[in-house]
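The values are calculated or read from the model by the stated rules, or taken from the named source; none is laboratory data. Note that the coordinates shown come from a computational prediction; the quantities given were computed from them, not determined experimentally. A quick note on method: Cβ atoms are made from the backbone with ideal geometry, for glycine too, and the neighbour counts reach across all protein chains shown. Quick note on the areas: whole protein, heavy atoms, side chains included, nothing else; ligands and nucleic acids left out. Shrake-Rupley method; radii C 1.70, N 1.55, O 1.52, S 1.80 Å.
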Amino acid sequence: YYKGMAQLRLGDLKDAERCLNRATYGLDWYAIAHFELAQLTAIQNRLDQAWEHINKSIESNGYNSQAHAVKALMLIRMGRYDEAIELTRTNLKADPLDLFSKQLQVTAAEASGTEDVLLGALDAELLEMTRADAENHIEMAIRFANCGDYADAVKVLELSASESEQMTVSPLVY
């Protein structure tokens, strides 16, 4: 597992995938290795494999709210917005402080063409949950980027920069 993570950070995606696949052989590493493989294959836009990996991760550790959030992100990428919104609602009931799930709820609502009034309310809820702290927005951007969704990562950072009167802005945002 650790060798796979090191290879991933070094940019050697092929070797990272090989090592992480080997890590799934052990029960101790099964759920987290499949979680990382889901993100890795999502970066490569191999959504069928990513979907398989994230479901295996959730089957092994259903309490991992991050895995449920990544599954919601995949649903958004597949155009299944209503399912993504429902999954984020369920995830937020289990973990009300999961900022990434709240951001995914906003992203799914935006992509589905939700009315501006409701979208504004969701944005306001998200800003309140993040306590207008840029560090929270940076964390959400990293989570988007870990799945290869760079456009949404940038959008989260741009929101942080545009709310500079209300928000503690980190130089990392720029």
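On the given criteria, is Leu119 buried (at least 20 other Cβ atoms within 10 Å of the Cβ), out of contact with any Cys (no Cβ under 7 Å at 6 or more places or on another chain) and not small (Gly, Ala, Ser)? Let's see the steps before the verdict.
Numbers: buried (at least 20 other Cβ atoms within 10 Å of the Cβ): no; out of contact with any Cys (no Cβ under 7 Å at 6 or more places or on another chain): yes; not small (Gly, Ala, Ser): yes.
Criteria not met by Leu119.
May I ask you to list the residues in the stretch 125-139 that are among the aliphatic types (A, V, I, L, M) and closer than 15 Å to Thr107 by Cα?
Hits for the stretch 125-139 are Leu126, Leu127.
Restricting attention to the stretch 127-153, and to residues there that are at negative phi and open to solvent by 50 Å² or more (accessible area, probe 1.4 Å), which single residue is modelled with the lowest pLDDT?
By that ranking, first place goes to Glu128.
Quick check on this structure: which one of Thr90, Thr41 is part of a helix (DSSP H, G or I), β-branched (Val, Ile, Thr) and surrounded by 20 or more Cβ atoms within 10 Å (Cβ to Cβ)?
On the way: Thr90 fails: surrounded by 20 or more Cβ atoms within 10 Å (Cβ to Cβ).
Of the residues listed, the single one that is part of a helix (DSSP H, G or I), β-branched (Val, Ile, Thr) and surrounded by 20 or more Cβ atoms within 10 Å (Cβ to Cβ) is Thr41.
Restricting attention to the stretch 96-116, does a residue exist that is surrounded by fewer than 22 Cβ atoms within 10 Å (Cβ to Cβ), at pLDDT below 85 and in a helix (DSSP H, G or I)?
Checking the stretch 96-116: at least one residue is surrounded by fewer than 22 Cβ atoms within 10 Å (Cβ to Cβ), at pLDDT below 85 and in a helix (DSSP H, G or I).
Give the stretch 78-87 a look and list any residue that's open to solvent by 30 Å² or more (accessible area, probe 1.4 Å) and among the aliphatic types (A, V, I, L, M), or say none.
Within the stretch 78-87, Met78, Leu87 meet the criteria.
Count, please, the residues in the stretch 44-64 that happen to be among the hydroxyl-bearing types (Ser, Thr, Tyr), surrounded by 15 or more Cβ atoms within 10 Å (Cβ to Cβ) and within 18 Å of Thr88 (Cβ to Cβ).
Final tally of qualifying residues: 1.
Determine the pairs where a residue that is at positive phi, located within the stretch 113-126, has a partner that is acidic (Asp, Glu) and modelled with pLDDT of 85 or more with Cβ atoms under 7 Å apart, the partner being 6 or more residues away or on another chain.
Partner pairs satisfying both residue conditions: none exist.
Within the stretch 4-36, restricting attention to residues that are open to solvent by less than 50 Å² (accessible area, probe 1.4 Å) and among the polar types (S, T, N, Q), which residue is farthest from His68 (Cα to Cα)?
Restricting to residues being open to solvent by less than 50 Å² (accessible area, probe 1.4 Å) and among the polar types (S, T, N, Q), the top hit is Gln7.
Which one of the conditions (1) hydrophobic (A, V, I, L, M, F, W, C); (2) in contact with a Phe, Trp or Tyr (Cβ under 6 Å, 6 or more places away or on another chain); (3) outside any helix (DSSP H, G or I) does Met140 fail to meet, given that it meets all the rest?
Of everything listed in (1) hydrophobic (A, V, I, L, M, F, W, C); (2) in contact with a Phe, Trp or Tyr (Cβ under 6 Å, 6 or more places away or on another chain); (3) outside any helix (DSSP H, G or I), Met140 misses just condition (3).
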